[in-house]
Structure formats: C-alpha cells, structure tokens
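Values in this text are rule-based calculations from the coordinates and carry no lab data. Note that the structure is predicted; figures quoted are calculated from it, not measured. As a convention, Cβ positions derive from the backbone with ideal geometry for all residues, glycine included, and neighbour counts pool all protein chains shown.
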Amino acid sequence: MVRPLPVAEGLRAYGLIVAMWVRSTMAYRLSFVLTALGNFAASALDFVAIVLMFSHIDALGGFSLAEIALLYGATSTSLGLADLALGTMDKIGQRVRDGTLDTLLVRPAPVLAQVAADRFALRRLGRISQGVLILGWGLARVDVAWTVPKALFVVVMVFTGALIFTSVFIAGAAFQFWATDAAQVQNSFTYGGSVMLQYPPTVFAEELVRGVTFVVPLAFVNWLPALRLLGREDSLGLPDWVDFCGPAVAVVMLTGAGLVWRAGLRSYRSTGS
C-alpha cells in the first residue's frame, strides 16, 4: 500500500476536521448568520473611520479614497482568508501550557493540520465578504485601464497576500513553543500588519517601509503590487520586477514557516516545556 505524501495527508486531515466544524455550525444556522453579520459589521467600522477622515481631506499621503479602498480591501480579504483557514493558531501557547497539545500528538494526523482546523469558524466569512466589497468598490473607481492580465494580477495579489499571512500565522505559532505567552507578538504581525497595510506607504517612515519589505515582507501583500497596478513608483526605488515577486516571496515564507514549525514541534517536551 502506498502511503500518502505528508502534505496530502495533512490536507485530508484538515478537510475532515473542517467539515466536522462546518456541520456543527450549520446545525444552528440563525446563530451562524447573526455572528457572520456581526463579524461583517465589526470589520466595516475600520473603513467607516477612513471614510469619515476623507470627509475632511481630499487625499492621504497622495492617495485618494478609492486607492486606499483598494489597499484596504486587498489586505482585509487576504487576512480574512488566512484567518478563516488558521484562525486558532495563536492558541498554541495555551495548548503548550495546559498540556492539551499532547492529545494532538497521539492522533494519527499531522499536528499542524489539527491545530489549524480546530474550531474552524465559518463566521469569519463576514470579514472576507466585507473586504471583497470594499476591494470591488475601490477597483471600480481607481484610474486604471482594466485588462484581463490586470484583473488576474489583482486575484494573484489577494491570494498571495493570504499565503503570506498564513506563513506569519504558522511561524508565530511555532515561536510559542519556546515563548508560550507570545500570542500578542504573532497578532502584532498579522492583525497589526493588516491595519498598517490598509494605509498607503507614503504616510510611514522609510525605515518602517524597508522593514516590512526586507525583514518581514508584508509589503508584498498589497503595497508593492498595488503601486504597480496604480502606476506609482515605490518610495524605496526598487526595480520594477520586484513588484511581481509576491508569489515567490510567499513560497519562501511558507517554506521557512514550515521549517520553524517542525523545529518548534521537535523541541516540545510536554507540559511545562
């Protein structure tokens, strides 16, 4: 009998656990609808604040409301997809402390798949749908001559951003094997990074822009591809081809996050480690 590849085995286990949680959620459909709407409304308040700000200004950092809507919608949708897929990864430190991770280790399924799919929250579709709506609104109003390649470029940008956030979720969770109270450190790069990317890079110091381009390359989520789409130059003067490197950056980050996760899991010595 041929043994499935580890990735295929992990995806199968992830799918089975997700299906279980989806069935559980759909048993209370009204509750699901209300919580999804609540998630949508809570996420929408961020963009309402931006709209209110633009009632007093015409541009922010040289960007119009439509252009910021593009940035906001892209990063919100990307984070929403990653959050839907791996939204409980920040709980790994708690599992290490209370010993419940031991239960996952004895099950015949990859630990990463179990942690990622645990308590899969379908209500997070509210954040994704809100991001998609804002993104669509922004795309319809920016000054771009749309073609099929440009439309595909937007799709690639969103899914590349989701993969980059996914890698940060995994790496942040792995770090908690050594620092069990570091959930907020992970959140500062995921949710905090998403808030930063909702605004144009021109409003931030050049040192910060360099940090999110070369150290933790969140700039590839939306800043660099969006600047290419809008026909703007980046403040760092990078070559044009860098704007298309998002998928390669995502692959490198996912590979690195996977290696860090394996190292963290191997260092685990049960409760108290």
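Determine the distance separating the Cα centre of region 227-273 from the Cα centre of region 108-162; give it in Å without decimals. The distance from the Cα centre of region 227-273 to that of region 108-162 comes to 17 Å.
Over all alpha-carbon pairs in region 16-148, figure out the percentage whose distance exceeds 19 Å. Let's see the in-between values first.
Details: 5364 of 8778 pairs.
When every Cα pair of region 16-148 is considered, 61 percent fall beyond 19 Å.
Our estimate of slack between residue 56 and residue 262, defined as 0.36 nm per intervening residue step minus the Cα-Cα distance, is 69.1 nm. Label zone (residue 240, point 7 Å along Cα-to-C-beta; backbone nitrogen cut-off 18 Å) within region 60-99: none.
Taking R0 as 25 Å, what FRET efficiency do you get between residue 150 and residue 215 from their Cβ-Cβ distance, rounded to the nearest 0.05? In this case the efficiency is close to 0.25. As a length-normalised measure over Cα pairs under 8 Å and 6 or more apart, the relative contact order of the chain settles at 27 percent. 3J(HN,Hα) couplings calculated from phi for region 57-72 with the Karplus curve 6.51 cos²θ - 1.76 cosθ + 1.60 (θ = phi - 60°) are, in sequence order, 10, 9, 8, 10, x, x, 9, 7, 4, 5, 5, 5, 4, 4, 4, 4 Hz; Gly and Pro show x. As a proxy for reagent exposure, ranking 46, 143, 83 by other Cβ atoms within 10 Å from fewest up yields 143, 46, 83. With θ taken as phi - 60° and the Karplus curve 6.51 cos²θ - 1.76 cosθ + 1.60 applied, the whole-hertz 3J(HN,Hα) list for region 201-208 is x, 5, 8, 10, 5, 4, 5, 5 Hz, x standing for glycine and proline. Only the Cβ atoms of Lys and Arg (+1) and of Asp and Glu (-1) were treated as charged; on that basis the dipole of region 200-259 about its Cα centre amounts to roughly 140 debye.
Calculated FRET efficiency, residue 191 and residue 270, Cβ-Cβ r, R0 41 Å, to nearest 0.05?
For R0 = 41 Å, the calculated efficiency reads 0.85.
Taking the structure as given and computing Cα extents along the principal axes in Å, which label from (i) 57, 45, 40; (ii) 53, 53, 40; (iii) 59, 44, 34 fits? It is the one labelled (i). Extension gain, residue 119 to residue 204: 0.36 nm times the residue separation minus the Cα-Cα distance gives 26.9 nm. Counted over region 138-209 with a bin width of 5 Å, the fraction of Cα pairs per bin, in whole percents, is 3, 13, 16, 18, 18, 15, 9, 4, 3, 1.
Based on Cβ point charges of +1 for Lys and Arg and -1 for Asp and Glu, what charge dipole magnitude is obtained for the chain about its Cα centre, in debye rounded to the nearest 20? Present the calculation step by step, with values, prior to reporting the outcome.
Numbers: 20 positive and 17 negative charges, 247 e Å.
Dipole magnitude for the chain comes out near 1180 debye.
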